[in-house]
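The values are calculated or read from the model by the stated rules, or taken from the named source; none is laboratory data. Quick caveat: nothing in here was measured; it's all calculated off a predicted structure. Heads up, the Cβs are rebuilt from the backbone with ideal geometry, glycines too, and the neighbour counts pull from every protein chain shown. With ligands, DNA and RNA removed, areas are computed over all heavy atoms of the protein, side chains included. Shrake-Rupley method; radii C 1.70, N 1.55, O 1.52, S 1.80 Å.
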Amino acid sequence: GITVNKTDSADDPLAGSKWLLEKGNDTVAEIDGATFSKFDWKGLDVGTYTLTETKAPDNYTKMEGTITIEIDASVSDQPGTDGTYSLTTYTATVTGPQGYVTQTNGSDYANIQTGITSMKVKNFKNGELPTTGGVGLYVILGLAGAAFAGMVVVIIIKKRMSAKEK
């Protein structure tokens, strides 16, 4: 199964989003999270799934891109005493837009005891930028500020030169 915990940028639960889960070209489920922030899809087969946020909560930006979940598992050859087959391997590889998707359980997002792939997906308020853990935003802002200052210096020099010519 897959569990998504929807949060805001402060990791507080956030209701109001809508989701589409697909496997290949087939729709597996559509979820309307108008009143809840945790979504569960259970009974999924091994394979690759695509999770798309189709609507963000009010006053929040929709997640850019999609989340890809690749589930791989195997089960025991013999049933247990309760008649069920237990997982012997279970991995899930989750890829999604940087800054929006974070891990919430174990390695590779997968929990072999439960057979659940769990992740946290963030939304950001309109105008708020996602953080990616780096200083890239500050570098870009610094370069933009330096370029602006350079343009101001060029304008001042041009005005002084035209004033000298007159």
Using alpha-carbon pairs under 8 Å, 6+ residues apart, how would you state the relative contact order of the chain in percent? 21
For the Cα atoms of the chain, what angle does the longest principal axis make with the long axis of helix 136-165, in degrees from 0 to 90, nearest 10? 10
Report, in deg cm²/dmol and to the nearest 500, the calculated mean residue ellipticity at 222 nm for the chain, where each DSSP H run with n ≥ 4 adds -39500 (n - 2.57) and the sum is divided by the residue count. -6500 deg cm²/dmol
Determine the order of Ile69, Ile156 by accessible area, beginning with the largest, at a probe radius of 1.4 Å. Ile156, Ile69
Given a 1.4 Å probe, how much area per residue of the chain is accessible, in Å²? 63
Whole-number value, in Å³ per residue, for the convex hull of the alpha carbons of the chain is 159
Given +1 on the Cβ of Lys and Arg, -1 on the Cβ of Asp and Glu, and no further charges, what dipole in debye does the chain carry about its Cα centre, rounded to the nearest 20? 1560
Which of the lysines could be linked to Lys120 by a straight reach, that is with a Cα gap under 20 Å, when you skip same-chain ones fewer than 8 residues away? Lys6, Lys18, Lys38, Lys42, Lys55, Lys62
In the chain the accessible area split gives carbon plus sulfur, as whole percent at 1.4 Å, a share of 54
Rounded, prolate or oblate: which fits region 3-47 when a ≥ b ≥ c are the square roots of the eigenvalues of the alpha-carbon gyration tensor, with rounded for a/c under 1.5 and prolate only if a/b beats b/c? prolate
